[in-house]
Amino acid sequence: MLLLDFIRYQKNLTGTKIGCREGDCGACTILIGEIKNDTLQYTSATSCLMALGNASGKHIVTIEGVNVKGLNEVQQAFSNEGATQCGFCTPGFIVSLTGFSMSSKDPSYDSAIDAVNGNICRCTGYKSIERAAKIVNDKLQQRGDNDALKFAVDNNFIPSYFLKIKERLKNLKPVEQGEISTSRHLGGGTDLYVQRPEEMVEDKIDFLFDKKELKGIVKIGNTCEMGAAVTVTDILESEIFNKYFPNLKKYIKLVSSTQIRNMATIAGNFTNASPIGDFTIFFLVLDAQLILSDGNNKRKIALRNFYKGYKSLDKKSEEFIEKITFELPAENSFFNFEKVSKRTNLDIASVNTAINLQIVENVITAASISAGGVGPTPAYLSASSNFLIKKKVSAELIYALILKVQDEVSPISDARGTVQYKRLLLSQLIKAHFIVLFPEMPLQNFLYA
């Protein structure tokens, strides 16, 4: 069952609200405490999409769990700034900002605002909430080098019982799942529970999210190897990814909310098989390779060959993705990811695209282009990619590339936009790739037209 339903209907903790049940509104936000590298860390999550099985061995904090005598500092800031009206969304905001107050990362106003990027309020207009977030951040500026958790307790952000949680978690006996006869493998569940909530509750599930062998991001030679249960947040915080993708934070700002990033796995994005999966598009141009396992046998397949048709995969029902590998960009590589959606951030793409070029002495020696939202599957544009090889970057080349790309895609009209709109978006995003990657070249006057 879902953690949200367990919290409300089994534990009668009704402060956690039922909103969209799709991970979009943040009214059901909770905190997850777990020990990582011998440190107790808390992350936010939407309980409406979190399987109860993925809560095993963790400290789950609801709005009731952050109460102190009177109001805590986050609640007081909301009260002082009138940052609540109907109050339905307020518990989610309070929990998210409380999690921010417990983080050991250096606080900043931008980080405080980012902590609530997955929380929607339909009443206040957000300015009062932003002012409350500033008050919280200003208080945290006084922390200095003090332990984040102890500072939060001493300064009335959270109750004192938090100081005993690490010891209590260490004393928990791990639960072995045992052998399961099932066709359902579950990572973060952020899409499966949107599509099939009733079916999932009745299924026998093999919980993959916390399996250590499916975690971790390592560099071996020039290859990056990562477990299938790596989350978007893991990528965002990876030294390897930040080194080789300098604009990573910009890309990930376009991808979901903090709560969903903390839960969503990269393998889940691949196996969801959405034609607009953001990280599928990202990794297609890197020629990512997947290691599939059925528990006994393993096989390797290129991500580019993984999609056979709409929501159809080259994967048996008993198989799951175990590992993902790809070659890290070389020094002469130029990588970029672009996306347009109805909302600027945190929304499903109307069209998204990535590009990866290698250039030697101003000549393109290798090229990869991918695009989503323009066909029944995430598209690797092989003809367009090959078209670029042995050519120099110029405005004329980009216009010729756009014509090639348009011949290679086959969008349809749907809720995300018409065929004509999607074709226009893709053309504009192709231009954007080159404007971003080659700012010193005189492309702008031609391409903004």
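Laboratory data are not the source of any read-out in this text; all were calculated from the coordinates shown. As the structure is a prediction and not an experimental result, all values here were calculated from the model. Here Cβ is always computed from backbone atoms with ideal geometry, including for glycine, and neighbour counts include all displayed protein chains.
The base-10 log of I(q)/I(0) for the range 279-348, evaluated at q = 0.11, 0.18, 0.24, 0.28 Å⁻¹, reads -0.38, -0.84, -1.08, -1.23 [Debye formula, identical scatterers on Cα atoms, solvent excluded].
With R₀ fixed at 30 Å, the C-beta to C-beta distance from Thr223 to Thr365 puts the FRET efficiency at about 0.90. Here the chain is assigned +1 on the Cβ of each Lys and Arg and -1 on the Cβ of each Asp and Glu. Its dipole about the Cα centre then comes out at about 340 debye.
With viscosity 1.002 mPa s and temperature 20 °C, the Kirkwood radius over alpha carbon pairs of the range 14-162 converts through Stokes-Einstein to a diffusion coefficient of 140 µm²/s.
Between the helical axis of 419-437 and the longest alpha-carbon principal axis of the chain there is an angle of about 90 degrees.
Set against the 2.2 N^0.38 Å expectation for a compact globular protein, the range 188-340 has a Cα radius of gyration ratio of 1.02. Quick one: pull the percentage of alpha-carbon pairs in the chain with a separation above 42 Å. That tail contains 19 percent of the Cα-Cα pairs.
Cα centroids of the range 406-446 and the range 296-372: 17 Å apart.
Residues whose amide H comes within less than 5 Å of that of Lys323, counting only those at least five positions distant or on another chain, are Ala228, Ile291 (H built at 1.01 Å from N in the peptide plane). Applying the Karplus relation 6.51 cos²θ - 1.76 cosθ + 1.60 with θ = phi - 60° to the range 251-256 yields 3J(HN,Hα) values of 5, 6, 4, 7, 10, 6 Hz, where x marks Gly and Pro. Taking Tyr244, Tyr42, Tyr161 as the candidate residues, the one with maximal mean-square fluctuation in a Gaussian network model of the chain, Cα springs under 10 Å, is Tyr161.
With the convex hull of its Cα atoms as the shape, the range 335-381 has an orientation-averaged projected area of 3.9 nm². The listed peptides 215-223, 264-272, 190-198, ordered by packing as a protection proxy, come out as 264-272, 190-198, 215-223 (highest mean of other Cβ atoms within 10 Å first).
Backbone phi angles across the range 374-391, fed through the Karplus curve with coefficients 6.51, -1.76 and 1.60 (θ = phi - 60°), yield HN-Hα couplings of 10, x, x, 9, x, 9, 9, 8, 5, 5, 5, 5, 5, 4, 7, 5, 6, 10 Hz in residue order; Gly and Pro are listed as x.
Identify which of Ala112, Ala83, Ala415 has the largest mean-square fluctuation in a Gaussian network model of the chain, with springs joining Cα atoms closer than 10 Å. Top of the fluctuation ranking is Ala415. Between Arg343 and Glu176, what FRET efficiency follows from the Cβ-Cβ distance if R0 is 30 Å, with the result rounded to 0.05? Efficiency for this residue pair is about 0.10.
Set the bar at 31 Å for Cα to Cα. Now go through Lys170/Lys204; Lys215/Lys316; Lys139/Lys164; Lys212/Lys342; Lys17/Lys315 and name every pair that lies beyond it.
Flagged as over cut-off: Lys212/Lys342; Lys17/Lys315.
So how far, in whole Å, is the C-alpha centre of the range 122-153 from the one of the range 95-117? Taking the Cα centre of the range 95-117 as reference, the centre of the range 122-153 is 7 Å away.
Across the options Met200, Ala77, Val230, the greatest Cα extent toward the positive end of the charge dipole of the chain (unit charges at beta carbon of Lys, Arg, Asp, Glu) belongs to Ala77.
Listed values for the range 196-207 are Karplus-derived 3J(HN,Hα) couplings in whole Hz (6.51 cos²θ - 1.76 cosθ + 1.60, θ = phi - 60°), namely 9, x, 5, 5, 5, 4, 8, 6, 8, 10, 9, 7, and x replaces Gly and Pro. A protection proxy built from the mean count of other Cβ atoms within 10 Å ranks the segments 389-402, 163-176, most packed first, as 389-402, 163-176. Sorting the segments 366-372, 87-93 by their residues' average number of neighbouring beta-carbon atoms within 10 angstrom, most packed first, yields 366-372, 87-93. Between helix 90-102 and the chain there is an angle of about 90 degrees, using the helix long axis and the longest principal axis of the Cα atoms. Convex hull of alpha carbon positions in the range 125-244: directionally averaged projected area 13.3 nm².
Straight-line cross-link reach from Lys390 at under 18 Å between alpha-carbon atoms covers these lysines, not counting any fewer than eight positions away in the same chain: Lys404.
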